[in-house]
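Below you'll find the structure, written out as structure tokens, and then a few comments.
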Amino acid sequence: MKKRKINKIISFNSPIILGLALSSFIVLILNVATNGEINKLFAIYYTSWADPMMYVRLFTHTLAHQDLSHYSANFLLLLAVGPLVEEKYGSKNVLIMILTASAIIGLINIIFFPHTMLLGASGIVFMFILLASFANVSDGRIPLTVILVGMLYIGNEVISSMITSDNISRMAHIIGGLLGALFGVLFHMDRLQNKKEKSSY
């Protein structure tokens with residue numbers, strides 16, 4: 001009886017986002033327990049093109065975080081905007097976008113920053129921020145708010161990368177934001193095309 005009442009109160013509304021948050025938290029705990037050894041397995045960095053684990057890390061680096069502060073900064077935002085995005089685009093599409101963005105960001109990192117260890121979901125967070133801004137697109141026109149969000153978030157990262165030197169991967173933020181904008185445009189163009197095809201019958 002109690003279980004039924006809980007199910008009525010709590011909704012498992014966003015399986016991909018919740019799964020990503022839980023998986024990353026488990027990796028964080030394991031990393032603390034192993035004194036940082038887990039992050040060495042999950043983070044992306046160049047080893048050798050013949051190393052199969054490097055290709056696995058193209059996807060796992062998103063799960064690894066430096067500490068609880070790093071994890072919280074990413075997932076507070078992702079848990080806020082993620083469910084909206086997953087409901088709008090569908091769980092399958094969201095999973096494909098996460099895997100694609102993770103692989104692209106990881107690949108760019110090992111090509112241009114081969115000796116830099118990249119970890120964290122910040123690139124995914126920036127992708128979701130741009131995807132969320134597309135939520136109000138309905139008639140094929142890009143809302144002004146989307147343009148402003150893109151300019152503010154991506155522009156800020158570009159400027160910050162030129163004037164500051166820190167451990168934050170501005171590259172991951174910029175690529176994530178650009179991919180979010182690209183996926184948002186492609187998704188809504190496809191949906192608009194489907195509407196036109198249906199109306200022509």
- Message: Accessible area per residue for the chain in Å², computed with a 1.4 Å probe and the full protein assembly in place, what is it?
- Response: 59 Å²
- Message: Can you list which of the DSSP-assigned H helices in the chain have a Cα extent of 20 Å or more along the long axis and an average Kyte-Doolittle score of at least -0.5?
- Response: 15-33, 68-89, 91-112, 144-163, 170-199
- Alpha-carbon centroid distance for the pair segment 7-44 / segment 127-158, whole angstrom: 28 Å
- Computed label-point distance, nm, for sites residue 87 and residue 194 using a 7 Å Cα→Cβ extension: 1.9 nm
- Note on the structure: If every Lys and Arg gets +1 and every Asp and Glu gets -1 at its Cβ, then about the Cα centre segment 53-176 yields a dipole, in debye to the nearest 20, of 200 debye
- Note on the structure: Of all C-alpha pairs within segment 56-111, those more than 13 angstrom apart amount in percent to 66 percent
- Task: Using only Cα positions of segment 14-95, each an equal point scatterer, no hydration layer, compute I(q)/I(0) via Debye at q = 0.26 Å⁻¹ and quote the log10 values to two decimals.
- Result: -1.16
- Message: For a bin width of 10 Å, list the pair-distance distribution of segment 48-159 built from all Cα-Cα distances, rounded to whole %.
- Response: 13, 39, 35, 12, 2
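The values are calculated or read from the model by the stated rules, or taken from the named source; none is laboratory data. Since the model is a prediction, treat every value here as computed from it, not as a measurement. Reconstructed Cβ throughout: ideal geometry from the backbone, glycine too, with neighbour counts over all protein chains shown. Ligands, DNA and RNA are stripped out before the accessible areas are found, and what is left, the full protein with its side chains, is counted by its heavy atoms. Shrake-Rupley method; radii C 1.70, N 1.55, O 1.52, S 1.80 Å.
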